[in-house]
Each structure stands twice: as structure tokens, then as C-alpha cells.
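Read-outs throughout are calculated quantities, based only on the coordinates presented, and are distinct from any laboratory measurement. All values derive from a computational prediction rather than experimental measurement. Counting neighbours? That spans all protein chains shown, and the Cβs are built from the backbone with ideal geometry, glycine included.
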Amino acid sequence: MNLTILVVDDEKNIREGLMRALELDGYEVLGAEDGKQAWELVQKRPVDLVVTDLKMPRLSGEELIKNITSTQPNLPIIVLTGHGTVENAVTAMRHGAYDFLTKPVNLDRLSLLVKRALETRVLAKEHQALKEEVEKLEKKRQFAQIIGKSAQMQRVFEVITQVASTRASVLITGESGVGKELVADAIHHLSDRREGPFIKTHCAALTETLLESELFGHEKGSFTGAVGQKKGRFELADGGSIFLDEIGEINPSVQVKLLRVLQEKSFERVGSEKSLEVDVRVISATNRDLKKEIAAGRFREDLYYRLNIVNIHIPPLRERKEDIPLLVATFLTEIAEENHKIIEGIDPKARLALYNYSWPGNVRELRNCIESSIVLCKGNIITFDDLPPAVRTADDGQYIRLEVGVSMDQAEKEIIRQTLIHLRGNKSRTAEVLGIGRKTLHRKLHDYNLIEEFGNSDI
């Protein structure tokens, strides 16, 4: 990735000396003899870092900093100042400058400061690119809350689109935390019933008696505590959809009544003999293997087939790690705004730890991880030390972990991705470490759709 630095100083010898030193460090360097010329350059072409003096004719360094930070707040600025004007440099930092150096400039110190500032800039650019990718994906589909570009999630999106407009019952399966409720939301809101009610019930949270009453309602005096008539969730969902989460937890008597609703579209409130008819689309979800529950005699087979007209399985996060960058970018934006913090990205070591962790709690655990990291983060970049202990402990930074049974293409893609992350996106070094040519690496980045993640540069 070619990075461009603008050096601004009205003293020609200082300006040209700094430019030569930075060129030797491998950067593309521009020069400006005063703030006005610098401001014109910044407006005309992309610049990744500005190194500027404060006292200059036509437009001072202070004014230049104010102009830049008002239009490009993420553009880092390093201030040059004399020993007698350090206070002015500190004021400039309050106005948005990244750091300052006193004259005569220590070139080693300058090189280190530039490197740190540009690392922050690159991370911010990567984070912005991921945010833009999330926005593009949201525009392509109508269910923006579900994040994922992996082949598995694209298939989920296709099935949601196909099934939403039908009356078919849908069973959503997957481990805890994968986002089954979000899929249920998408199905309802894409359906012809979107204007109707959408009633949700967490079956595992209620006792047998309460669950039956919640689902089907009850009459006054039908049991102790039934002080009045109550409509059930199915009655409330008439003309819309009902979502039964953790359907594998319901007891046999409720299963019988639920089967009747699915078959006959009717039921009775607890304590009543009057049948009520309803028009309700049933969406259910479970993290259990219902076929095993059927074999064990805990779940009715006929009910299973009524619920499972269409099955949508949400794969665990460990099987679709290519979705992690988009999820992280989304959570960073949402949670940083909620906590009134500015977070520009995640450093490479922390990012590698996120890839290496197995995420037993899936997307929910990843979101909690990012929230914790944002709260604990002291700067604008989340570091390895900001991550929760479980994630840090799982990462040693020296190994690439692959699931047993992955294809050779999937393995190669993951090896290339994690090596690039470990080497901070350096493609030349990555090709060297992997023992392949740069052209071969470039071709594989295209083949595996990694170009958007790591850029198109050969460097």
C-alpha cells in the first residue's frame, strides 16, 4: 500500500531534508512551502499524513490544522515546533494534531512517530472500508440486521427470500447465539403479513402451566391466579406471525395442543370449551437436535414435520470466519456510538486473536467481546490487551487453526488470510513466507474474494 506524506515548512533546507529522510523510509512524499500551498494540495489529492511547521507565511500551521481537522478528521498531523513554542504545539494537539516534534528534528524519532501515526491511519481506512461493505450488503438485501458474506449465509439469505412470501411453517436451527431470532424477524418483515402482528414467545422461560396459558390464553377462574380472561399469544398473532423460540423445550401436553393449531387452525383457551379460529404463520427455533429428541420420546414426530416444512440452519461462527470482519465493523460502529466513543479500528494482533478464537457463544459472544473491548479501550484503536481474557488466552499468534473436514480451497484461503493479517497486510512478505510468487498471491486473492478485505496493491 503506497502511503503519501505531505511535509510543510517555509524553510527550504528543513523541508527538503525531511522529505529525503521520509522517502528513504519508503513513503511517497510531497512538499509545500507554506500552509496555503499545503491546504490546496490536501484538497486536490489524497494524503495519508501531514508533517507541518506552525509559523509560516500566508496560512499558519494552526490554521492549516483547523482546516484539515474540520474536513478530514481522521488525517493524522505531526507538528514541528521550536523549543520555545512547545505550548503552541500542545494547543495544536488539542485542535486535532496527532503529536509534535521539536526542532532540530530527531529523524529516528520522526520515523517512529510517522510509522505509528500511519498504522492508525491504515487501520481507520480498513475499518471504513468494512463499514462501506456492510452498507453495500444492506442495500442489496432487505434484512440488514443479519450480517454475513460467506457462502453459507448467502444461502440463508436466499432461503429467507424464497420462503418469506409463503404460508409455510419454518423451523430455524442452530447453536445458541447464531442469530435465529434475527432470521425470524426477516421472514416476517419480508412476508405479506408484515403489517400484521409479530408475537414472540421464549418457550424455555415459562413453566408448563404458564406456557399453555401464554400461548392459548385462559378464562377467569380456570386456575389459581386466573383473576380474569386473558388472550393467548396465538390469538394476539391472528393475521400475522408467531415466533416460538426454543421449541424443543415444550412439554407433551402443549405439543398436542400446538399440533392441533397447525393442523386445524383452532384451539381453546385454558378453562374454555369454545374453539377459536386463527390465521397465524408459525416460525419456530431450537438449538436442540429434534430428531434425537423424537428418538428419546421427548418430542412428537408428527409435530416436528408440521413445524419443519422449511428448515433454515444457521451455521456456527467458527464455520464462517470470513464473516467476522463485517460483524466486527458493524458492532464497532453501533457500540462505539452507544458509548459515545470514537473507535477507528482493531490492531493486527487483536484481529488475529478474533480469527483464532472458536466462538462457542457465536455472534452473541463476538458482540459482547467487542462491547467489552470498546469500554476498556483507552485510545482509538482496540489492541490485543483490550480483548477479554478468554479470547487472549486462546491466541498465541503463531498458529493457524483449521476445522477438521474443511476443503483444500477453504484451508488455502484461511492460510492466506491469516498470514496477511499476521504480517499486517504486507503482500510481498506474505508471498515470501508462503513460498509463492506475488502474481500467484494476487490471483488467489481474486479467486477467494479477499481483494476487498486486503486491497488491490501489490505491496
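Quick notes on this structure:
- Dipole magnitude for the chain: computed about the Cα centre from +1 point charges on Lys and Arg Cβ and -1 point charges on Asp and Glu Cβ, it is near 500 debye.
- Kirkwood Rh in Å, taken over all unlike Cα pairs in the chain: 26.1
- Cα extents of the stretch 229-386 along the three principal axes, largest first (Å): 65, 37, 22
- Dipole size of the stretch 342-414 about its Cα centre, with +1 on Lys/Arg Cβ and -1 on Asp/Glu Cβ: approximately 180 debye, rounded to the nearest 20.
- Cβ-based exposure ranking for ARG298, ARG121, in which fewest neighbours within 10 Å come first: ARG298, ARG121
- Computed from point charges on the beta carbon alone (+1 for Lys and Arg, -1 for Asp and Glu), the dipole magnitude for the stretch 151-314 about its Cα centre is near 80 Debye.
- Hits among lysines - C-alpha to C-alpha of LYS427 under 19 Å, sequence gap 8 or more where chains match: LYS115, LYS125, LYS349, LYS413, LYS439, LYS444
- Cβ-Cβ FRET estimate between ARG45 and ALA151, R0 fixed at 56 Å, reported to 0.05: 0.90
- Cα centroid separation, the stretch 27-42 to the stretch 296-340: 50 Å.
- As a proxy for reagent exposure, ranking LYS55, LYS413, LYS292 by other Cβ atoms within 10 Å from fewest up yields LYS292, LYS55, LYS413.
- Think of it as helices only: each DSSP H run of n ≥ 4 in the chain is worth -39500 (n - 2.57), and spread over all residues that comes to -15000 deg cm²/dmol at 222 nm.
- Normalised by 2.2 N^0.38 Å, with N the number of residues, the alpha-carbon radius of gyration of the stretch 151-314 equals 1.03.
- The H on the amide N of ILE381, modeled in the peptide plane, is under 5 Å from the matching H of GLU344, each at least 5 residues off or on a different chain.
- Proportion of all alpha-carbon pairs of the stretch 4-131 beyond 20 Å (%): 37
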